[in-house]
Amino acid sequence: VQLQASGGGLVQAGGSLRLSCAASGITFSIYEMAWYRQAPGKQRELVARITSRGMTDYGDSVKGRFSMSRDNAKSTVYLQMNRLKPEDTAVYSCNARRDYNGYWGQGTLVTVSS
């Protein structure tokens, strides 16, 4: 199983980025997918998740700014991040979960400068 995250980088506050996570080795359409982030010295936190049916849920700190979507034909999820803030700086990782099975991908670094 591979979860390949991409799209991170350096952006100024107020800017936008779109992260992608391409999955392989799983029946993607039946998995719940999620984005987590971890900033230096902080615990990992849930950013957003999307069910196999496309229902989304967001962490309080990103509601109204971030949007998660999935393309089952491409086995890929996306995280559109708008109005970025310096406190959004973190390593963002994607996660796939189904029943008791869970998989993690490598992270992609997002740095937001003030």
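The values are calculated or read from the model by the stated rules, or taken from the named source; none is laboratory data. These numbers come from a predicted model, not from an experiment. Keep in mind that these areas ignore ligands, DNA and RNA; they rest on the heavy atoms of the full protein, side chains included. Shrake-Rupley method; radii C 1.70, N 1.55, O 1.52, S 1.80 Å.
Explain nothing, just the number: relative contact order of segment 1-55, from Cα pairs under 8 Å at least 6 residues apart, as a whole percent.
That works out to 28 percent.
Please work out how much accessible surface TRP35 shows to a 1.4 Å probe, ignoring ligands, DNA and RNA, in Å² rounded to 10.
0 Å²
Averaging sequence separations of C-alpha pairs under 8 Å and six or more residues apart, then dividing by the length of the chain, give the relative contact order as a whole percent.
36 percent
When every alpha-carbon pair in segment 1-106 is counted, what percent end up more than 16 Å apart?
Every Cα pair in segment 1-106 considered, those over 16 Å come to 54 percent.
With just the Cα atoms defining each centre, how far is segment 1-56 from segment 86-114? Give it in Å.
Measuring centre to centre over Cα atoms gives 5 Å.
So who's got an amide H within less than 5 Å of the one on ASP57, skipping anything under 5 residues away but keeping other chains? H placed 1.01 Å off N, in plane.
Close amide H contacts, sequence-distant or interchain: ARG49.
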